[in-house]
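All of the numbers you see were taken from the coordinates with simple rules; none came from a lab. Because the structure is predicted, anything quoted here is derived from the model rather than measured. All Cβ positions, glycine included, derive from the backbone under ideal geometry; neighbour counts span all protein chains shown.
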């Protein structure tokens, strides 16, 4: 998959930031290994182009990692899947990635932990169809492409299941996201699953339209800071500092809109005006929303509920070969520690 690039979520994005947090970084969770010499090394944190992850660029350029007492090497990935693989093979200490991609890695043997929710996709991931296809059931027998195993493939499966169909009912074409968008725009496909800005490329096909999107499945596509368990065991103080940095960065963005916008636009390779070509489709999570997400529940506002639902879907579709152990996937102590310092708990 190519980068998950920026779209015109900007107005909604900044409004959400204003109500996010108003506190100072929390104290670090204690650990018997907190004083390990590893703490002198820079931790390796990956991210790629998606609205919910661009604040990390602001954190780096404004020295907010340093202010929050963490030495971080922020590594940019043009290819999102490359960042997922780098974390799964411990080339990174942490990465920005989706819940379902993290579950896939865990099912394959990676020992990963989700410590923060950056955002939820609420329309940025879309299934786009050619003229003449007006319902999900119309996809039966049609040629449909998406990048196999990624969020838009998962979104496609959710839509098919809702209509009583499975992947076996369509002609599925596993294509890299950019290639899939190009093939669809050239009239070689009946439908495609893509994220922005590839949505715009796909929609260049005359008569094409969005059949459904992540907005139709609230909470199904969530984005996170994911770290290795080794990172938590050996350097919990740095994991805490990363979480602190995230919330302090959101505060900085809310207070310095113009400066933050310039940094984000440059990293995205676009300009502010281009944001307005798209509808807002990313909901940046507040501190309160993070606390709620980590709380067990019976709907997709709860990460544990959503993770079980995703796991079942991935198994059923054959995207993972064995049931992953989700019992230790989430660690809310870092968000709670920040919230406790802020008087939010």
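Run the numbers for residue 89 and residue 69: contour at 0.36 nm per residue of separation, minus the present Cα-Cα distance, in nm.
4.6 nm
Can you give the extra length, in nm with one decimal, that the chain gains between residue 266 and residue 179 once fully stretched, where that is 0.36 nm per residue apart less the Cα-Cα distance?
Taking 0.36 nm per residue and subtracting the Cα distance, the gain is 28.9 nm.
Give me the one-decimal nm value for the distance between modelled label points at residue 204 and residue 312, 7 Å along each residue's Cα-to-Cβ direction.
4.1 nm
Taking the DSSP beta bridges in the chain as the whole, what percent of them are antiparallel, to the nearest 5?
Roughly 65 percent of the DSSP beta bridges within the chain come out antiparallel.
Tell me the mean residue ellipticity at 222 nm calculated for the chain from its helices only (DSSP H runs of n ≥ 4, each -39500 (n - 2.57), averaged over every residue, nearest 500).
-11500 deg cm²/dmol
At residue 230 and residue 340, where each label point lies 7 Å from the Cα along Cα→Cβ, what is the point-to-point distance in nanometres?
2.8 nm
Taking only Cα atoms, what is the 0 to 90° angle, nearest 10, from helix 151-162's long axis to the longest principal axis of the chain?
Helix 151-162 and the main axis of the chain meet at about 60 degrees.
With a ≥ b ≥ c taken as the square roots of the eigenvalues of the C-alpha gyration tensor of the stretch 208-345, please select rounded if a/c is under 1.5 and otherwise prolate if a/b is larger than b/c or oblate if it is not?
Here the stretch 208-345 falls in the oblate category.
In whole percent, what relative contact order does the chain give with Cα contacts below 8 Å and a gap of six or more residues?
Reported relative contact order: 33 percent.
Report the FRET efficiency, 1/(1 + (r/R0)^6), for residue 325 and residue 162, where r is their Cβ-Cβ distance and R0 is 22 Å, rounded to 0.05.
0.20
In whole angstrom, how far apart do the alpha carbon centroids of the stretch 104-155 and the stretch 288-306 sit?
Cα centroid of the stretch 104-155 versus Cα centroid of the stretch 288-306: 20 Å apart.
Taking the chain as the reference, fit the longest principal axis to its C-alpha atoms, fit the long axis of helix 333-342 to the helix C-alpha atoms, and give the angle between the two in degrees, 0 to 90, nearest 10.
Helix 333-342 sits at roughly 60 degrees to that axis.
Against the longest principal axis of the chain, how steep is helix 303-317, in degrees 0 to 90 to the nearest 10, with axes from Cα atoms?
Taking Cα atoms only, the helix is inclined about 40 degrees.
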